[in-house]
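These notes are about the structure you will find just below.
Computed from the coordinates by the stated procedures, all read-outs in this text should not be read as laboratory data. Being a predicted model, the structure only gives us computed values, none of them experimental. Here the Cβ is made from the backbone with ideal geometry for all residues, glycine too, and neighbour counts use every protein chain on show.
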Ligand code: UD1
């Protein structure tokens, strides 16, 4: 198993290219199940979750292969079964449910279990598909779904769910008549998925708002599409500039999609500006404490909570973090405390009292964004930090150690 060894204390300076968004690429790849013609998707990050999705798509009969940030997809005879072995490694696999029901009228998809950051049920996905005419049974840990052609209807989600909105958006694209999704999630990755489907001939309006209207069409055709850049990767590198007292230019950075993050980081003392060549992020003075509550987009993203907490550990004063999306998403806290951070957790709230210095220590990554926060803390800490279990990091950050080395970080991957 690989680990990252970081010698902290170097202010990072230079330019970094932001990769394509993992969370936009995954639903776009699953939506290829809906297509009757070939397609090419560009700017796909080279990540473990992407390769898991490609393996699953090939098992489902949708043949595709990865070549230099590009996925070529060729439709084939579909098979309705997504096996547990793949689904358990990536919860987003449940996104094949809507497209399979839409194309085949049946699907057998392993029920994704809980994960490190909470229970993460899929009841809203199933409720929406049921309203469209599907029926489900649970058998041996698998969701068995059946339907005739799905029918357009009104679906009102109990909470804005990103995956639920995506599953329904895909299913409704080939359904009969109009589907209206109310209380839909507004994340930019949903807008990217809808834009891809529209490029293939789908009829969707309202994406990016909480009411999305989809007029079903009978087939979807060829398209060439480039995935949006990754706002969470970009946000993580902005924090890297702040926590090391450096200056980074982020090329291909989705600035507008980062508004809530930029606002918070500016209030902590960072200078962040959009320039014609990219987003410039720097830190010239001490950081100040702030308070953060995670919320659905356009609020502060839960996927940036662990990273901003690393910065709060070194800010002057006391910060409060409230996690309102997922239970159990403070697993980075104990590891940060092993590096000298002062944090108290009570339920969904963490109180962070800034310290002058973190010190390097062996730490254990527990999930994707928790891993990023430990890398950030390691970049700022005095001494050497070993971040173990970095397979989590490899699910979501493309070549992180190479990107960081290029801007001056002393970081290397070591096989244990
Ligand atoms: C997606 C992102 C993930 C991000 C999250 C919230 C991908 C691959 N993953 O995850 O990185 O952290 O959005 O921005 O894009 N819920 C239910 N029932 C459901 C569905 C969701 O109760 O049927 C709850 C969840 O437990 C959670 C909340 O709704 O508390 C939001 O979850 P959701 O937006 O669905 O997250 P994901 O799509 O799993």
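Structure values in brief
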| item | result |
| --- | --- |
| Segment 349-368 versus segment 302-319: alpha-carbon centroid distance in Å | 9 |
| Percent of beta bridges antiparallel (DSSP, segment 25-226, rounded to nearest 5) | 70 |
| Sorted by Cβ neighbour density within 10 Å, fewest at the top, the residues 259, 182 | 182, 259 |
| Gyration tensor (alpha-carbon) shape descriptor, segment 1-122, a/c threshold 1.5 | oblate |
| DSSP-defined antiparallel bridges as percent of all bridges, the chain, nearest 5 | 70 |
| Ranking of 244, 53 by count of other Cβ atoms within 10 Å, fewest first | 244, 53 |
| Per-peptide average of other Cβ atoms within 10 Å, ordering 76-83, 144-151 highest first | 144-151, 76-83 |
| Length added when fully stretched, residue 351-residue 40, from 0.36 nm per residue minus Cα-Cα | 107.3 nm |
| Paramagnetic reach from residue 416 in segment 353-376 [backbone N under 18 Å; point 7 Å along Cα→Cβ] | 360-376 |
| Per-pair calculated FRET efficiency, R0 = 41 Å: residue 273 and residue 89 via Cβ, rounded to 0.05 | 0.55 |
| Label-point separation, residue 316 to residue 148 (7 Å along Cα→Cβ), nm | 7.0 |
| Where labels lie 7 Å past Cα in the beta-carbon direction, separation of residue 337 and residue 55 in nm | 3.6 |
| Percent of beta bridges antiparallel (DSSP, segment 293-357, rounded to nearest 5) | 85 |
| Förster-model FRET efficiency, 56 Å R0, residue 382 and residue 199, C-beta, rounded to 0.05 | 0.65 |
| Radius ratio Rg over Rh of the chain, counting only Cα atoms, Kirkwood formula for Rh | 0.98 |
| Inter-probe distance in nm under a simple model that places probes 7 Å from Cα toward Cβ, at residue 2 and residue 251 | 2.3 |
| Residue exposure sequence - 364, 170, 339 - by fewest surrounding Cβ within 10 Å | 364, 339, 170 |
| Potential lengthening between residue 68 and residue 391 on full extension [0.36 nm per residue; Cα-Cα distance subtracted] | 114.2 nm |
| Choice from 195, 328, 43 showing the highest fluctuation, given a GNM over the chain with Cα pairs closer than 10 Å | 328 |
